[in-house]
Amino acid sequence: MSRITSAFQTAQGENRAAFIAYVTAGDPSLARTPEIVFGLASAGADIIELGVPFSDPIADGPTNQRAAERALSGGTSLTDVLTVVGEIRSRSEIPLVLFTYANPVISYGIDRFAEDAARVGVDGVLFTDVPEEELDRFLPTLRSAAIDPILLVTSTSGKARIRSASRTGGGFLYLVSRTGVTGARLDLDADLEDLVIRTRKSSRLPVAVGFGISNADQVRKVANWADGVVVGSAIVNQVAAVGDSDELFSAVEAFTRPLVEMCRKI
């Protein structure tokens, strides 16, 4: 059983949604990235998404764009991210998903990437800019390396597309809560509950909801509808506020713990 599948099964057995935290690798520095991950794990996060910094992050809002810029300014590359994954894996079994665009992986070499990612302990890969129809060049190597391809679906995805994505993908299905880019929002879309329910009915995989979920009340609501809740920009903002400081672990842990506690279903 994969670490991702195990995490969802554990959460289900505890009557809660899995908490998935996103951070940008290399922000505020590569040296601090494992510390951030361990802080999130200490707070109770079930799965970590590590963003691979990219120079043209079209799916990301301003918060994650700035984080990517900071990481790139520090020289962070895909090679560095894989090295950091190895450092994290040597001390933790928390599931790790790389949140990336296609170009860094293609430049690295798809076969080489899958081999190296599996060796250091990557559990899943989510390509933000590759639709299911164009995944064929990646899927065979990811599957042979036992790495879950995490697919995105949206409010415009019909039943047939959701079913297809859940058959093609692995680990979990990532449901984008609204149209547009990533970023914290004050309110959830009014029809999100119905969207989550419809998506879960059509998916063979657990459904995790992300994009725009940023506070405890939003996490509580989504956790009662979905199998998993993704919080990204709000955590990235906390990292940016604290910066390259010895207090980063405790600050991330303190911010995340109340969100994790809201994942219990009622």
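What follows is calculated from the coordinates using simple rules that are stated; it is not laboratory data. As the structure is a computational prediction, the values presented were derived from the model and not from experiment. Neighbour counts run over all protein chains shown; Cβ positions are idealised from the backbone, glycine included.
Data overview
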{"read-out": "Total residues in the stretch 1-16, condition buried (at least 17 other Cβ atoms within 10 Å of the Cβ) and assigned to a helix (DSSP H, G or I)", "value": "6"}
{"read-out": "Tally of residues being under 17 Å from LEU30 (Cα atoms) and in contact with a Phe, Trp or Tyr (Cβ under 8 Å, 6 or more places away or on another chain) across the stretch 93-107", "value": "2"}
{"read-out": "Residue satisfying all of: in the stretch 71-125; in contact with a Lys or Arg (Cβ under 8 Å, 6 or more places away or on another chain) and among the charged types (D, E, K, R); nearest to THR141 (Cα to Cα) among these", "value": "ASP123"}
{"read-out": "Residue in the stretch 206-217 that is touching a helix residue (DSSP H, G or I) at 6+ places or on another chain (Cβ under 6 Å), buried (at least 22 other Cβ atoms within 10 Å of the Cβ) and either part of a strand (DSSP E or B) or charged (D, E, K, R) (or both) present", "value": "yes"}
{"read-out": "Selection count, the stretch 23-38, where residues are buried (at least 24 other Cβ atoms within 10 Å of the Cβ) and either polar (S, T, N, Q) or touching a Leu at 6+ places or on another chain (Cβ under 7 Å) (or both)", "value": "5"}
{"read-out": "Which listed residue is polar (S, T, N, Q), surrounded by 20 or more Cβ atoms within 10 Å (Cβ to Cβ) and in a helix (DSSP H, G or I), from SER157, SER166, SER107", "value": "SER166"}
{"read-out": "Scan of the stretch 71-95 for residues that are surrounded by 18 or more Cβ atoms within 10 Å (Cβ to Cβ) and in contact (Cβ under 8 Å) with a residue 60 or more places away in the chain, ordered by number", "value": "ILE94, PRO95"}
{"read-out": "Residues located in the stretch 224-255, provided they are within 18 Å of the chain's Cα centre (by Cα), within 17 Å of GLU14 (Cβ to Cβ) and either among the hydroxyl-bearing types (Ser, Thr, Tyr) or surrounded by fewer than 24 Cβ atoms within 10 Å (Cβ to Cβ) (or both)", "value": "ASP227"}
{"read-out": "Residue that is touching a Pro at 6+ places or on another chain (Cβ under 9 Å) and on the phi < 0 side of the Ramachandran plot, where the choices are LEU139, LEU175", "value": "LEU139"}
